[in-house]
1. Under the √(5λ) rule applied to the eigenvalues of the Cα gyration tensor, what semi-axes describe the equivalent ellipsoid of the range 31-165? Give them in Å, descending.
2. Compute the projected area of the convex hull of the Cα atoms of the chain, averaged over all viewing directions, and report it in nm² to one decimal place.
3. Between Leu63 and Asp269, what FRET efficiency comes out of the Förster formula 1/(1 + (r/R0)^6) with R0 = 56 Å and r the beta carbon distance, rounded to 0.05?
4. I need to check one value: relative contact order of the chain, counting alpha carbon pairs closer than 8 Å and at least 6 residues apart, in percent.
5. When the convex hull of the C-alpha atoms of the range 220-267 is computed, what volume per residue in Å³ does it have?
6. Rounded to the nearest 0.05, what FRET efficiency do Ser194 and Glu92 have when you use their Cβ-Cβ distance and R0 = 51 Å?
7. Could you work out how far apart the two model spin labels at Ile126 and Thr112 are, taking each label as a point 7 Å from the Cα in the direction of the beta carbon, and quote it in nm?
8. Given a cut-off of under 8 Å on Cα pairs at least six residues apart, what relative contact order in percent is computed for the range 239-359?
Amino acid sequence: MSTDSTAALVKSPGAVPDGPAEAGPSGRGPRSRSTAAYLRYVAGKLAGAAVSLFAVLVTSFFLFRMIPGDPVKHMTQGRPVSTEQLAAMRREFGLDLPMWQQFTDYCGKALTGDFGMSYQFRAPVIDKVAEALPATLLLTGTAFVLYTVLGIWLGARSAWRSGKFGDRFSTAFALTLYSVPSFWLGLLLIITLSVGVGPIPGMFPTGGMESGGQSGFGYVLDVAHHMVLPVLTLVAVEYARTLLVMRSSLLDEMGSDYLTTARAKGLRDDAVRRRHAVPNALLPTVTLLFVNLGNTVAGAILVETVFSWPGLGGLFYQALSVPDLPLVQGLFFLFAAAVILMNTLADVIYPLLDPRVGR
């Protein structure tokens, strides 16, 4: 999302308007004109989101039909199946219909939330999504909270002490982690902390969400134990982006006149940073946070696959291997829709934080 500026205009708390606002020729004052402009801005963003969702719906149908392989032959692999049985299965899944009819049926049902039946699980797609969604939200939601707090805190400290050793070290470390593929880092953590290397013993499970046979508080501890490595992988890769954005935004604010005024009033350096600089520097970070929030639904396909986490990412990987077209299409649409909706929400909220946006 584009913004006019990341700097905020600060007005004296005791400032009083020079006089009453005059109504325009139409009899509407500045407040009503501002509200109308904001509503037009929101309507444009919602229309854009609707177009994007329809484009995703179309793309999800045609894209995965380009994957080589026959779903029916894959599901019957290794079993003696007659030609008549294969034809009956294609008829059951609707694969014998013309492409245009499959597309219209898919779009019509998708608009009602029906993405069809999974080929391999023989269950509605929406039911499989509902089963896997809590595990994904638990994993990625925990990681989201941790890397957001860590990235904002370290980014603010690095910018405020720009050029010093701590800033150079944290920035270099963040850039290094940001460039590391998440699946490679996950495998490295499994080898180091699960299997064990040299004097380092294996301390964490290699995968899965639970060991089984636990209940009550013991179950909670067991799940938390299994979450350590995948959460650490997500936090290590994602916190760097938040840190870099926060650091860049705060550096833009460092030379602003209102910070000089705040210091001249006798405020301590920490108070100037917390009360004035950081809140204004957070504006560009809001967009990133909303996009990351959308990604918590999409999950982390590679990380969930590496750690055998039973979430949406692992389910998507299983569906691709068939290919299970209804399940792949439904998950792809859900992932994209979550990001689009969160980005649209950020666009709608942004003018409330910075009135210059959307004018």
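1. Details: eigenvalues 397, 136, 40 Å².
For the range 31-165, the semi-axes come out at 45, 26, 14 Å.
2. Details: hull surface 109.6 nm².
Quarter of the Cα hull surface area: 27.4 nm².
3. Working: r = 53 Å, r/R0 = 0.94.
The calculated FRET efficiency here is 0.60.
4. Details: 402 pairs, mean separation 101.4, N = 359.
That works out to 28 percent.
5. Working: hull volume 4.9 nm³, N = 48.
Taking only Cα atoms, the range 220-267 has a hull volume of 103 Å³ per residue.
6. So the FRET efficiency works out to roughly 0.75.
7. So the two model labels end up 0.9 nm from each other.
8. Working: 91 pairs, mean separation 30.0, N = 121.
Once normalised by length, the contact order is 25 percent.
The values are calculated or read from the model by the stated rules, or taken from the named source; none is laboratory data. Fair warning: this is a prediction, and the values are worked out from it, not measured in the lab. For neighbour counting, all protein chains shown are included, and Cβ atoms are generated from backbone atoms with ideal geometry for every residue, glycine included. Note: accessible area is taken over every heavy atom of the protein model, side chains too, but ligands, DNA and RNA are not part of it. Shrake-Rupley method; radii C 1.70, N 1.55, O 1.52, S 1.80 Å.
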